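Participant: Dumping the structure here so I can ask a few things about it.
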Amino acid sequence: MSHGNPGSPGRSADALADAFYPLFDYLFDEDGDFVDDVETKLAEARMPDTVELYLSRGLAIGVLAGVVLWLLGTFVGYVLFMTGVVEVGVLIGVPVPNQTVAWIIKTFKIPSLVAVSGLVFGAIGFGIGFGFVVGIPYMRASEREREINMLLPDAISFMYALSIGGLNQLEILEAMAMADDTYGEVAREFQSIVQETEYFDTDYRTAIRKRSLETPSDELGQFLTDMLSIVNSGGDMSDFLDDKKDKHMRTAKQQQEMTLETLELFGEMYMTLSLFPLLLIIILVIMSMLGQAKESMLYATVYGLIPLTGVGFLVLVSTVKQDDPGDGYLNPADGGDRLEATTGAGILHLGLIEKYVGDFSVFDRIKSREGTFETVALLKRPHIFFRDHPLFVLGLTFPASLVLVGNAVWTGAAPRSFQEMVANPIWGTFIYVYVPVYVNFLPLAIFHTWNVRSRQAVISKLSDNLRKLSSANDTGLTLLESIRTVADTSTGKLADEFDVIHAKVEYGMSLKAALIEFNNRYHIPRLARTVKLVSKAQEASSQITDVLSTAAQASENQDDIDRERKSRSRMQVVIIIMTYLTLLAVMAILKVKFLDVMAGLAGQASSSGGAGASQFGGGVDTTLLSMLFFHAVTLQAILSGFIAGYIRDASLLSGVKFAVVLPTVALVTFSFI
C-alpha cells in the first residue's frame, strides 16, 4: 500500500483529493479491511490511483454532493414547512405541563423540521457521492471478471495451439499479451506479466505469481497458479494446456446452463411484473366508479409504472445476459501497412490514396475522383450501405417521421389538444406513436436482420470447414492449398470466402493479411478468435493440423452453447409474447364488456332520471379510460418487444422487429372493438 506524502508530485495534480486527505486520514485506518478491500479492487479494475488518493477524492465528491443536497433540502423544507404548504400539527402527542417548554417546542418546531430536512438530504447526498465513487472499481472489476471468465476457454485454446505449434513458454506469454484485439481483458492480464518482466526486471515466474493474486477472476488466478507449478517443475506445457482447455470448455457449458436457468426464472418474474399494472388499472377503474380514486393515479400507472417496470426488468436481465465480448475486429496493422491503410475505405476514408495526398497534385485529383466514385457507388446501391450500417438508416427515417407528424399537426389531421386525443384516441395515437414507430423501426428492423443474417451465414458451417481444413492439412497440403481444396469441395458463404482468400494470396497478398481482411468484413467475435488462432499458428508452420483441430473443437463447443441458448431463449420469448397477448386480451374484454356497458348504463340512467346507476359509474369518463387502456397496451407492446429481443440475442436492436409487430396487434385489436 502506498503511504506517500499527499503533497508529492503524484498527488499535486489532484488538488481536490489533496485537500481532503486529512479527512481520509482521520476517518479510515490505512491498514483496515475497508481500505485494503478498495485497494484490491483498484488493482483488479486496473485503475492507477493509490487507495489514499482515490478515497480522498471520493470523500471530496461526497462532501460536495452533500452540501448541494443540504442546501436543496433546506430550501425544500423551508418551502414546505415555513410557508405552510404542509401543515405541521402535533409531533409527539405527549402533554407538556411546563408552559416554557411548550413555548420552546412550539417556537423551534418548524425551524427544527427545516434543519432536519437539510441534514437528511445532505446525508443522502454524501452517501450517493461517496458510494458512487467507491462503487466504480467494484463495478469495473466485476465487469473485467465476467469478460475474463467468458474468454478464458478460447484463450487457453489459443495458447495450446501456439504450444503445439512450437512456441516456448515466454513466446506464448508474449503472443497472448499481443492478442488484446481478440481476447480483451485476458490478454491485458498477460500484458501485465510481460510488462513487469520487461520494464521492472522481474523474472516471469514472480510476475505470473503476482498476477494470479491480483486478477479479478478466480478461474484465471487458479489457471496461472497451476501453470506456474508446471513451469517450476518442468512439466509438459502442451499437455497441461490441453487438459485445461477441455476443463474450461466444460466450465463454459455449465456457466451457460446456470445463466439460462436464471433467465427462465426472470421469465416467470416478468409474467408477474407485467400483469401487476393491469391489476392495478382494474382496481383503480372500479374505485373511480365508486368515486374513491383520482385520475392522476391512472395516469401514473399507465405513463409511469408500465415504462418503469419494463425498463427495470430490462436492466435486471442485462445483469445476467452474457453477450459475446469484443467487437470482432482484428488489428489491421498486423496484416501490414497496406491493409492498415485500406481498412475502412469508403466515403469518409478513401483508403490507400489518403497516404499520398499532398505529395503531388495528381494524388489530389485521384482522391477527388475516388470520392466521386464512392459516392456514385453508394447512390447506386444504398441498400448495401444500410445493410452494413443499419443505424445509419435513422438519419433518413427520423427526419421523415418528424416531417410526417409535423405536417399532420400543421394541417389539423392530428389532435392538437388532450381533449381531442381523448375524443379520437386510435387516430391520435397512430399519428403520434405508430407513425414514428413504423417509419423508424421498420426499416431499421429490416436492415438489422439482413445485416445479422448476412454475417452469421459465414459461421454456419465454420466447424465443419475447420475439420475439413485439418484433414486436408494432415495429408501434407499447405494451409493455402488446404483452403483451396475446402473451397472447391464445399458449399456456402464460408467456402466462397475461402476461394477469395486463395485468390488474394495468389495475387500477392500475404495469407495473414487476407485472413484479417476476411474477418474484419464480418467482424464476428467468435470468428475473430478462430482467425486469430489460425493466422498466428501458420506463421510458425504451414502444417498446423492439431491447431485446426483445436479451432474446430472450440467452434463445436460454441455451436453447442449457441444451440442450447437459442432453444432456451426461444421459450422465454414465447413467454413474454404470450404474457403480452394475455394482457391485451384482458384489456380488450374490459373495454368491450365493462366500459362500454357502464357507459350505456350511465346514459340510460341519466335519460330516465335514475339515481342508482348514476351514483355507480356516472362520473367516470369511459372515453378517457378507453384511451388509457389503448396507451397501456401500446407501451407494454413496445417494451415487451425490446425485452424479447434482448433476451434472444443480447441486443436491443434485435427487439426492434418485435417492437413493430406487437404494437400492430394492439392497434388492430382496438381498431375493431
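The values are calculated or read from the model by the stated rules, or taken from the named source; none is laboratory data. Because the structure is predicted, anything quoted here is derived from the model rather than measured. Every residue, glycine among them, receives a Cβ derived from its backbone with ideal geometry; neighbour counts consider all protein chains shown.
Participant: Consider the stretch 140-196. How many of its residues are hydroxyl-bearing (S, T, Y), buried (at least 21 other Cβ atoms within 10 Å of the Cβ) and within 19 Å of Q255 (Cα to Cα)?
Facilitator: 2
Participant: Separate question: Tell me which helices (runs of 4 or more DSSP H) are completely within the stretch 199-303 and hold 1 or more residues being farther than 29 Å from L316 by Cβ, out of contact with any helix residue (DSSP H, G or I) (no Cβ under 6 Å at 6 or more places or on another chain) and of a type outside the set (D, E), or say none if there are none. Reasoning before the result, please.
Facilitator: Values: elements: 204-214, 218-233, 237-289, 295-300.
Answer list for the stretch 199-303: 204-214, 218-233, 237-289.
Participant: Kindly list, by first and then second residue, each pair from a residue in the stretch 406-427 that is under 14 Å from L628 (Cα atoms) to a residue that is β-branched (V, I, T) and surrounded by 11 or more Cβ atoms within 10 Å (Cβ to Cβ), limited to pairs with Cβ atoms under 6 Å and residues at least 6 apart or on different chains.
Facilitator: Listed by first residue and then by second, the contacts come to V422/T623.
Participant: Can you confirm whether the stretch 502-517 contains a residue that is under 27 Å from G645 (Cβ atoms) and either part of a helix (DSSP H, G or I) or touching a strand residue (DSSP E or B) at 6+ places or on another chain (Cβ under 7 Å) (or both)?
Facilitator: no
Participant: Which number in (1) touching a residue at least 24 places away in the same chain (Cβ under 8 Å); (2) in contact with a Phe, Trp or Tyr (Cβ under 6 Å, 6 or more places away or on another chain) marks the one condition that L220 misses?
Facilitator: Looking at each condition in turn, L220 falls short on (2).
Participant: OK, next. Taking only the stretch 449-468 into account, find how many residues are closer than 18 Å to D499 by Cα, part of a helix (DSSP H, G or I) and of a type outside the set (S, T, N, Q).
Facilitator: The total comes to 9.
Participant: Have a look at R46, R57 and point out the one that is on the phi > 0 side of the Ramachandran plot and at pLDDT 80 or above.
Facilitator: Matching residue, one of R46, R57: R46.
Participant: I'd like to check something: does the stretch 546-566 contain any residue that is within 15 Å of L479 (Cα to Cα) and surrounded by fewer than 20 Cβ atoms within 10 Å (Cβ to Cβ)?
Facilitator: Checking the stretch 546-566: at least one residue is within 15 Å of L479 (Cα to Cα) and surrounded by fewer than 20 Cβ atoms within 10 Å (Cβ to Cβ).
Participant: Hey, among S640, S651, S569, which residue is closer than 30 Å to V393 by Cα, at pLDDT 75 or above, in contact with a helix residue (DSSP H, G or I) (Cβ under 7 Å, 6 or more places away or on another chain) and surrounded by fewer than 18 Cβ atoms within 10 Å (Cβ to Cβ)?
Facilitator: The conditions single out S651.
Participant: Here is a further query. Of the residues I128, I136, I124, which single one is more than 26 Å from the chain's Cα centre (by Cα), under 30 Å from V63 (Cα atoms) and surrounded by fewer than 21 Cβ atoms within 10 Å (Cβ to Cβ)?
Facilitator: Only one candidate passes the filter, namely I124.
Participant: Do any residues in the stretch 487-515 that are under 17 Å from S470 (Cβ atoms) and touching a residue at least 60 places away in the same chain (Cβ under 8 Å) have Cβ atoms under 8 Å from those of residues that are of a type in the set (S, T, Y) and not in a helix (DSSP H, G or I), where the two are at least six apart or on different chains, and which pairs are they?
Facilitator: Partner pairs satisfying both residue conditions: none exist.
Participant: Yes or no: the stretch 352-374 includes at least one residue that is closer than 20 Å to F518 by Cβ and at pLDDT below 85.
Facilitator: Yes, there is a match, as at least one residue in the stretch 352-374 is closer than 20 Å to F518 by Cβ and at pLDDT below 85.
Participant: A further question follows. Against the condition without any contact (Cβ under 8 Å) to a residue 60 or more places away in the chain, exposed (fewer than 14 other Cβ atoms within 10 Å of the Cβ) and not acidic (D, E), how does S296 come out, does it pass?
Facilitator: yes
Participant: Scanning the stretch 233-262 for residues that are buried (at least 18 other Cβ atoms within 10 Å of the Cβ) and within 22 Å of the chain's Cα centre (by Cα), which turns out farthest from V574 (Cα to Cα)?
Facilitator: That would be A252.
Participant: Check the stretch 71-83 and report whether any residue there is among the polar types (S, T, N, Q) and at pLDDT below 80.
Facilitator: Within the stretch 71-83, one or more residues are among the polar types (S, T, N, Q) and at pLDDT below 80.
Participant: G406 - would you say it is in a helix (DSSP H, G or I) and within 15 Å of H448 (Cα to Cα)?
Facilitator: no
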